[in-house]
Amino acid sequence: MNAPDASAMDAGAIVTNQFDVAADLINMPDHLRRILRTPFRSLTVEVPVRMDDGRFEVYRGYRIQHNGARGPCKGGIRYHPEADEHEVLGLATTMTWKTSLLEIPFGGAKGGVQVNARNLSLRELEAVTRTFTSRIAIILGPYRDIPAPDMGTNAQVMAWLLDEFSKRNGYTPAIVTGKPVSLGGSLGREEATGRGVMYAMQEYARDFKIPFEKGGTCVVQGFGNVGAHFARLAHAEGAKIIATSDVDGGIYNPKGLDIPKLFAHAYEQRKSVAEFPDGERITNEQLWELECDWLVPAALGGVICKESNANRIRCKVVVEAANAPTTPTAEKILEERGIVVLPDFLVNAGGVVVSYFEWVQNLQQHFWTHEYVNDELLKKMKRAYVSVRDMVKERNVSWRTAALAIAMGRVAEAEHLRGY
Ligand code: NAD
């Protein structure tokens, strides 16, 4: 399939486009391609909510289960004005590949509500969450489908989801991951995606001699759960975060930003990154053009594209901490320019890996230490990284194609063994 206009591609289109390249590489039979392109189950719901001023808003919500051949469906819930059915399906599909690549016994799902969470009061956010949960509860369950946080949602939102589900079904902590620790969440879950991104980069840095710990320079778009924790942990290991941004703009300091102070300012106190005093203000467009070793998109999908920035990016490696940040056309341009792209469903898998650990702990009613969680995460990330690296070498393909071929091969085998 030819790539459509790159700038017009959303996460859904990006994921579909990458599918055929990998399916061809492993000679996937046509009927399995058709099964894996189609969601197992897709639910659209209305989410009516009484706002603080007395009016009713009716939002649209989705829960899409892409595939459950390898285990219960697993995937986050996103609150974002552009979270439509197409995007949610793309993200659900990515979850199937991610859980397969990391060898955890889950399938893939995703949920979304088309709402700007930043414009909601805390009470309105809770009302959206409880109504959405009650409307999708019919397809959830610890052995059916287990949500988690994503953009615009957090541990508090997962706590309301757990409470709403438990009202009808009895206390069921394994129904959702990314919960607060005091409600059965796992130690290390909040930082897990950022930590996993860092582990993948450390492996790559060692193999391909790119500086990381000793002052390797990183530019990070997005300073939310993934970006802020990645920056904090990478800074603590000796990497230099020279620029970062949020939705309102960014800051740049070639000597390296004071990340512990920025973490307190922007992540803990929720102030805007651009208001941080220690650094030069930059726009999100300028951020892409900064020279660095590692460029880490950790916000939205489709942000690296042919029309806006693929020709102007000046890094050695793009690390896809966000889901689907690079369009296929942009990836080709980057490849031709000698810039490697480490794909999302490998590098940002730390969150779902520790979500799996959380689910295991909930089912066993036995809790792990933070160190044990981190050690087990490192083992999982390393194993997946090595399998992809070796396939890149053996088959001379991109990191994304190698990772997809491994992941899709496992799902196709599970479908085949089920009788398809
Ligand atoms: P978040 O809501 O906590 O943070 C998102 C950040 O991106 C915020 O700083 C926000 O201001 C910024 N942002 C939003 N729009 C922007 C724009 N137009 N330009 C620049 N910055 C912008 O979300 P998150 O959980 O950190 O997720 C970030 C990305 O990582 C998403 O693509 C998500 O799907 C992916 N992801 C998250 C997890 C997880 O565990 N949270 C796991 C895997 C992948």
Looking only at residues that are touching a Leu at 6+ places or on another chain (Cβ under 9 Å), away from the ligand (no atom under 13 Å from the Cβ) and not in a loop (DSSP other than H, G, I, E, B) in region 313-349, which one is farthest from Thr99 (Cα to Cα)? Arg314
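Matching residues to (1) under 21 Å from the mean Cα position of the chain (by Cα); (2) within 15 Å of Asn323 (Cβ to Cβ); (3) in a strand (DSSP E or B):
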{"position": "Thr44", "(1), (2), (3)": "no, no, yes"}
{"position": "Asp52", "(1), (2), (3)": "no, no, no"}
{"position": "Glu57", "(1), (2), (3)": "no, no, yes"}
{"position": "His66", "(1), (2), (3)": "yes, yes, yes"}
{"position": "Ala83", "(1), (2), (3)": "yes, yes, no"}
{"position": "Lys110", "(1), (2), (3)": "yes, yes, yes"}
{"position": "Arg118", "(1), (2), (3)": "yes, no, no"}
{"position": "Leu125", "(1), (2), (3)": "no, no, no"}
Would you confirm whether or not region 362-378 contains a residue that is at pLDDT 95 or above and within 15 Å of the ligand (Cβ to nearest atom)? yes
Is it fair to say Ala137 is in a helix (DSSP H, G or I) and over 30 Å from Val411 (Cα atoms)? no
Matching entry among Gly184, Gly188, Gly215 (being surrounded by fewer than 20 Cβ atoms within 10 Å (Cβ to Cβ) and in contact (Cβ under 8 Å) with a residue 24 or more places away in the chain): Gly215
(1) within 15 Å of the ligand (Cβ to nearest atom); (2) of a type in the set (A, V, I, L, M); (3) in a loop (DSSP other than H, G, I, E, B); (4) modelled with pLDDT of 95 or more all hold for Ala310 apart from (1)
Need the failing condition index for Ala117 against (1) buried (at least 24 other Cβ atoms within 10 Å of the Cβ); (2) within 24 Å of Thr193 (Cα to Cα), just the number. (1)
Within region 260-297, residues being closer than 23 Å to Arg314 by Cα, within 13 Å of the ligand (Cβ to nearest atom) and either not hydrophobic (A, V, I, L, M, F, W, C) or not in a strand (DSSP E or B) (or both) number 9
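The values are calculated or read from the model by the stated rules, or taken from the named source; none is laboratory data. Remember, predicted model here, so these are calculated numbers, not experimental data. As a convention, Cβ positions derive from the backbone with ideal geometry for all residues, glycine included, and neighbour counts pool all protein chains shown.
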